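The values are calculated or read from the model by the stated rules, or taken from the named source; none is laboratory data. All values reported here derive from a predicted model rather than from experimental measurement. All Cβ positions, even for glycine, are placed from backbone atoms using ideal geometry, and neighbour counts span all protein chains on display.
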Amino acid sequence: MLFGVDANGNNLNAFPETENLPELPKAKPTFELSSLLRQEANANERGTFIDYDEPEDKCAPERYGLRLRLYTFKGDEEIEKPISLANKSRYIFGRDRDAVDILTDHPSCSKQHAVLQFRNQRKTDVYGETKDDVAGYLYDNGSTNKTKLNGKVIEAKKYYRLKGSDCVQFGSSTREYVVMDESLADKKK
């Protein structure tokens, strides 16, 4: 609001007309967590901030009878013991030892490179019955050097459903990660 007289001698004390001004839309309330609350809510058991928000339909696979393992290969050789993927709804891959569940230890991998998220996307069949559809989904967490699924680069911040023997690679690492059902692995022996 201006007061006084301008260079032409016009009185600046007058209030402008407010009747003809357009009405601004009211701001809608947001119920998302503020950055500090999000940091606290997304801290892991070691107190490290995890830069990833789990979806509403998250689930632990063991609750639905799934027994899954993660196998690590370099070429045709299995280079690590299989890791059980049963009791958590998500597993984070990357270089940050305090934040990740599965360490990738390759310079081309980001600190929190990607996430293996288990989700239950309940489906209703033709008879109206709701059935559980639990599966693992790969999610690139905005990594610098990308994530590959079966040799193809996937889009960041998007979920990709994993199938039986899909092969996952992070950055330019030559390690390949494969999620398999333990019951299928036991039958091969």
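Scanning the range 29-50 turns up no residue that is at pLDDT 90 or above, hydrophobic (A, V, I, L, M, F, W, C) and either assigned to a strand (DSSP E or B) or over 22 Å from Leu149 (Cβ atoms) (or both).
Being among the small types (Gly, Ala, Ser) and part of a loop (DSSP other than H, G, I, E, B) is the filter; apply it to the range 52-90 and report the residue that is nearest to Thr174 (Cα to Cα).
Here is the first cut: in the range 52-90, the ones among the small types (Gly, Ala, Ser) are 60, 65, 75, 84, 86, 89.
Remaining after also requiring part of a loop (DSSP other than H, G, I, E, B): 60, 65, 75, 86, 89.
Details: Ala60: 29, Gly65: 32, Gly75: 8, Ala86: 26, Ser89: 26 Å.
Looking at residues that are among the small types (Gly, Ala, Ser) and part of a loop (DSSP other than H, G, I, E, B), I get Gly75.
Looking only at residues that are in a loop (DSSP other than H, G, I, E, B) and in contact with a Leu (Cβ under 8 Å, 6 or more places away or on another chain) in the range 91-120, which one is surrounded by the fewest Cβ atoms within 10 Å (Cβ to Cβ)? Per the criteria, the residue is Arg97.
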